[in-house]
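Take a look at the structure below.
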Amino acid sequence: MMMNWVLLVSCCAAADAPSSDPVPVPETREDVKKGLEAHKKATPRLPNPPAGGDNRLARVNNGRFRAYYLPFTATDMVASREPDPAMTLDNTFKVKLFWITSRMNHCIYCLGHQEHKLLAAGVDDDGIAVLDGDWAAAKPEEKAAYAFTRKLTISPDQITEADLQSLRAFYTPTQVLEIIVTVAGYNATNRWTGGLNIPAEEDGGFFRKPDSPIRLDTFLTPTSPKYAKMRSQIALLEGPPTRAAREPRDRIEAALAAAKTRKPLLPMADGEGSNWEKLLRTFPKAGEGRIRSLKNLEKQGKLSAKLRAQIAWIAARQDRAWYALADARNRLRALGMSDAEIEAIDDPQAKRSEADAAVLNLTQKLTAMPTKVSDADVAAVRKHFNDFETAEVVYTICNAAFFDRVTEAARLPLD
């Protein structure tokens, strides 16, 4: 009798354990629609925030989670979305880039929002379906931007000057930077909403334009035969590409030394500040909002400065983002860590606490393999941090995804 009870308890415990399986990536257009509709009932990896509140961001679930778990980011979030006079690219075009980014990162929440925005802008279902890799009929400038978005999203460690040249054939230098900053921001957002598995809203009516008859209460709409069963050409159906093996310390030092004297490939604003600040100030409104957001995390966040810098170090190592890596090392040195201790942060052979191991695992996965993040990965962090701290761990990883892509694609020299 006792044995049966033990077995029953064990079975229940196993059934209640967070799943270590990631959410499957849909293959076809019909699969995408089914996944989007099902995501309305998804279970988030942090508790749903309480209803109510007067924060205007809380009309969508992403905003509710941000406003509740990261209240100090709310003002900067609004500011970063204000129209910027230096940003000249068409908004619907950028939403298409967001769709592509979200599809590759398998961020179901963000993908659904982009579907609604594109439909509201007059793009029909076939016009959305072609974004899944059927780019043959796209204009040359669109193809160039789509291909760059794909590479910056899944392989930021492999972006070269030639990739930027492919954009310069169609876009001004400031527009090239706009694409980079925009897509980097989408990658950050994907890691927040996807990393926390934030459920979709039941209705997308808030995207509908006044007097528009378009239906946004369901994703289960008819699909043309051409695209219904077409397998995606951009989704990571076979898994994310493998990043290069972790470099030894001498190669890291050589890369950092080379980064000291390299020339930036994109425009930078005049004035004082670090190179990353001058780069973002090319966009006086959106850039300043992002700068404030990154700095406010350092001032108002609940995590220790050391842990935030360690997360930045881990992410930069994954992304081969040398400017970001040098910045993280400078912060860690200022906090009293030796170079040997810094090097051990992501050393697979180093001894570390369970808490540090959980943060390392989530940071590496969410940085390089967001499609593989599972309930168990976030639950492991929650064992050692409260929910607000866990949210900040995820948010810090998101900021690193943005910072790494922008600073390295621009080839910023070290400060």
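With charges only on Cβ, +1 for K and R and -1 for D and E, what is the dipole size of segment 29-228 about its Cα centre, in debye, rounded to 20?
Details: 25 positive and 25 negative charges, 76 e Å.
Here segment 29-228 has a charge dipole of around 360 debye.
Loop only per DSSP, at most 14 neighbouring Cβ atoms within 10 Å: give me the GluC sites (Glu not before Pro) in segment 311-415, ordered by residue number.
Answer in residue order: no site qualifies.
In debye, nearest 20: dipole of the chain around its Cα centre with unit charges on the Cβ of K, R (+) and D, E (-)? Please report the intermediate quantities before stating the final value.
Values: 57 positive and 54 negative charges, 60 e Å.
It comes to approximately 280 debye.
Which of the helices in the chain, when you take each full DSSP H run, stretch at least 15 Å along the axis at their Cα atoms and have an average Kyte-Doolittle score of 0.5 or higher? Spell out each step's value before the answer.
On the way: long enough: 2-16 (21 Å, 1.43); 91-105 (21 Å, -0.16); 108-120 (18 Å, 0.09); 140-154 (21 Å, -0.47); 173-193 (30 Å, 0.17); 249-261 (19 Å, -0.25); 286-300 (21 Å, -1.23); 305-319 (21 Å, -0.17); 322-334 (18 Å, -0.61); 354-368 (21 Å, 0.23); 387-409 (33 Å, 0.27).
Long hydrophobic helices here: 2-16.
From the phi of every residue in segment 209-217, what ³J(HN,Hα) in whole Hz does the Karplus formula 6.51 cos²θ - 1.76 cosθ + 1.60 yield, where θ is phi - 60° and glycine or proline is x?
These are the phi-based 3J(HN,Hα) values: 6, x, 6, 7, x, 4, 9, 10, 9 Hz.
Quick one: which residues, 5+ away or cross-chain, put their amide H under 5 Å from the amide H of Ala410? H built at 1.01 Å from N.
none
Going Cα to Cα from Lys151, which aspartates and glutamates come in below 18 Å? Please leave out same-chain ones fewer than 8 positions away.
Of all the aspartates and glutamates, those that pass the test against Lys151 - Cα under 18 Å, at least 8 places apart if same chain - are Asp132, Asp134, Glu141, Glu142, Glu161, Asp163, Glu178, Glu238, Asp319, Asp404, Glu408.
Could you tell me the calculated FRET efficiency between Ala51 and Ala257, based on Cβ-Cβ distance and R0 = 41 angstrom, to the nearest 0.05?
Working: r = 54 Å, r/R0 = 1.31.
The computed FRET efficiency comes out at 0.15.
With the crude spin-label approximation of a point 7 Å out along Cα→Cβ, what separation in nm comes out for Ala162 versus Thr43?
4.7 nm
Straight distance only, please: which lysines reach the Cα of Lys226 with their own Cα at less than 26 Å, same-chain residues fewer than 8 apart left out?
Result set, ordered by chain and number: Lys33, Lys34, Lys94, Lys96, Lys117, Lys139, Lys143.
Under 8 Å for C-alpha pairs, at least 6 residues apart: give me the relative contact order for the chain, rounded to a whole percent. Let's see the in-between values first.
On the way: 565 pairs, mean separation 117.2, N = 415.
With pairs under 8 Å counted, the relative contact order is 28 percent.
Could you tell me the extents of the chain's C-alpha atoms along the three principal axes, largest first, rounded to whole Å?
74, 58, 43
Run the reach check for Lys278 against lysines, Cα to Cα strictly under 18 Å, same-chain hits fewer than 8 apart removed. What comes back?
Output for Lys278: Lys260, Lys263, Lys295.
If the only charges are +1 at each Lys and Arg Cβ and -1 at each Asp and Glu Cβ, what is the size of the charge dipole of segment 249-409 around the Cα centre, to the nearest 20 debye?
Values: 27 positive and 23 negative charges, 67 e Å.
It works out to roughly 320 debye.
Where a number appears in this text, it was derived from the coordinates with a stated rule and is not lab data. Predicted model, so just to flag it, every value in this text is computed and none were measured. Cβ coordinates were reconstructed from backbone atoms using ideal geometry, including for glycine residues, and neighbour counts include every protein chain displayed.
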